[in-house]
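Reading through the structure tokens given below for one structure.
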Amino acid sequence: MKIFLTGESGILGSDIKMAMANEGHEVKGYNSTNIKIGDYADIKARVVDFNPEVIIHCAAMTNVDSCEDDRNAAILTNVIGSQNMAKASDFVNAKIVYISSCGVYGDTKTTAFNELDKTNPLNFHHFTKLEGENRVKEHNKNFLIIRPGWLFGGTLQHKKNFVEARRKECITASLINSAIDKSGSPTYTADLAAQIIYLLSEDLSGTFNVVNEGCASRFDYVSEIVTLFNLNTIVAPVKSNAFPRKANMPDNECLENLNMNLRKINHMRGWKDALKDYIYLNYNL
């Protein structure tokens, strides 16, 4: 397949690009330095020139608090940019894969959300990601919307590498705090990339939760990282108000891969096994 990929420099985009190349697909990747997501003319020209079979749209304004500070920028990137990608993909009869967010469900349940649950975003970032979904569905009927969990992966140099950030924090701290009242589904970007490739190989469309199995509090997640690195740092469970934020974050962002389970195509393993593999692979443990 010919794949047009945005957000190629991110932790997910880089793993998708590598996985696609390993499968023998031709990938044309872009990042914020060489493409104008908010400019339809620029997007359309590049898409028409490459004429892909699939567009995978990973690029987004992902800093949740920054989206509260600069709502126009969030709309331009997450909403208008997604609309532009959908229109361009439809113009060349390509499928579009849109990477959404676990946060679109809001905070209406204490158990894992599935794709049948209503959406109710609590902050502007999650609102724009949901509106991005709506624009994609409006402008290209051949869509695959992916709602991932708390992503980890990428290289040690990635600024948004959560695992590496916690390792560095623990090197100099004998005690760190972690929220006990925020839960989600830690998800390995390499596993997510492989599952997306499988969904594409089956030519599936629609909306899919794609997370590693299981749910964890932020405290559980960080504690597991510390354990796997065999660090002596103590992880203290605290309430999330110890970490003030501008954006209102859901307490529960756990997801269930219902649509994949019903089709018996869920290849996502447990999050602890995935985290262990990621750490052992990248840190030679």
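Computed from phi, the 3J(HN,Hα) profile of region 234-243 under the Karplus parametrisation 6.51, -1.76, 1.60 (θ = phi - 60°) reads 8, 9, 9, x, 9, 6, 5, 5, 6, 10 Hz, with x in place of Gly and Pro.
Grab the Cα-Cα distance for L156 and H25, subtract it from 0.36 nm times how many residues apart they are, and report the gain in nm with one decimal.
Working: separation 131, 0.36 × 131 = 47.16 nm, distance 2.56 nm.
Taking 0.36 nm per residue and subtracting the Cα distance, the gain is 44.6 nm.
Distances between every pair of Cα atoms in region 158-198, grouped in 5 Å steps from 0 to the bin holding the largest one, split as 5, 15, 18, 21, 19, 11, 7, 3, 1 percent. Rounded to the nearest 10 degrees, the angle from helix 124-139 to the longest Cα principal axis of the chain is 30 degrees. Coupling constants for region 46-60 follow from the phi torsions by the Karplus curve (6.51 cos²θ - 1.76 cosθ + 1.60, θ = phi - 60°), and in residue order they are 5, 5, 4, 4, 8, 6, x, 8, 9, 10, 10, 9, 9, 4, 6 Hz; glycine and proline get x.
Taking the Cα centre of region 127-273 as origin, work out the dipole magnitude from +1 charges on Lys and Arg Cβ and -1 charges on Asp and Glu Cβ, in debye rounded to 20.
380
The DSSP beta bridges internal to the chain are antiparallel in roughly 5% of cases. Each Cα pair of region 168-224 feeds into the Kirkwood radius, which the Stokes-Einstein equation turns, at 10 °C and 1.306 mPa s, into a diffusion coefficient of 115 µm²/s. Both the radius of gyration and Dmax for region 90-192 are 16.9, 56 Å, in that order, over alpha-carbon atoms.
On a 0 to 90 degree scale, rounded to 10, what angle separates helix 271-283 from the longest Cα axis of the chain? Tilt relative to the chain: about 90 degrees.
Considering only T77, T187, C254, the residue lying farthest towards the positive end of the dipole of the chain is T77, judged by Cα position with unit charges set on Cβ. Multiplying the sequence separation of T108 and N261 by 0.36 nm and subtracting their Cα-Cα distance, what value in nm do you get? Between T108 and N261, full extension yields an extra 52.8 nm. List the GluC sites (Glu not before Pro) within region 176-285 that fall in a DSSP loop (any state other than H, G, I, E or B) and whose Cβ has at most 11 other Cβ atoms within 10 Å. In loop regions of region 176-285 (DSSP not H, G, I, E or B), the sparsely surrounded GluC sites (Glu not before Pro) are E202.
Between I197, A236, Y278, the Cα set farthest toward the positive side of the dipole of region 170-285 (charges on each charged residue's Cβ, about the Cα centre) is that of A236. Size descriptor for region 37-156, Kirkwood hydrodynamic radius: 14.9 Å (Cα pairs only, one decimal). Relative to the longest principal axis of the Cα atoms of the chain, the long axis of helix 162-172 lies at roughly 30 degrees. Taking I180, I11, I171 in turn, the Gaussian network model of the chain (Cα-Cα springs below 10 Å) assigns the largest fluctuation to I171.
Relative intensity of the chain on a log10 scale, I(q)/I(0) at q = 0.14, 0.15 Å⁻¹, equals -1.02, -1.17, per a Debye sum over C-alpha point scatterers of equal strength in the absence of solvent. Dividing the C-alpha radius of gyration of region 1-59 by 2.2 N^0.38 Å, with N its residue count, gives 1.05.
Semi-axes of the equivalent ellipsoid for region 143-268, computed as √(5λ) from the eigenvalues of its C-alpha gyration tensor and ordered from largest down, come to 30, 16, 12 Å.
Note on region 31-82: with charges restricted to the Cβ of Lys and Arg (+1) and Asp and Glu (-1), its dipole about the Cα centre is near 200 debye. In this Cβ point-charge picture (+1 for Lys and Arg, -1 for Asp and Glu), the chain has a dipole of about 180 debye about its Cα centre.
Every read-out reported here was derived from the displayed coordinates using simple, explicitly stated rules and does not represent laboratory data. Computed from a predicted model, the values in this text were never measured in an experiment. Glycine also receives a Cβ, built like all others from the backbone with ideal geometry; neighbour counts cover every protein chain displayed.
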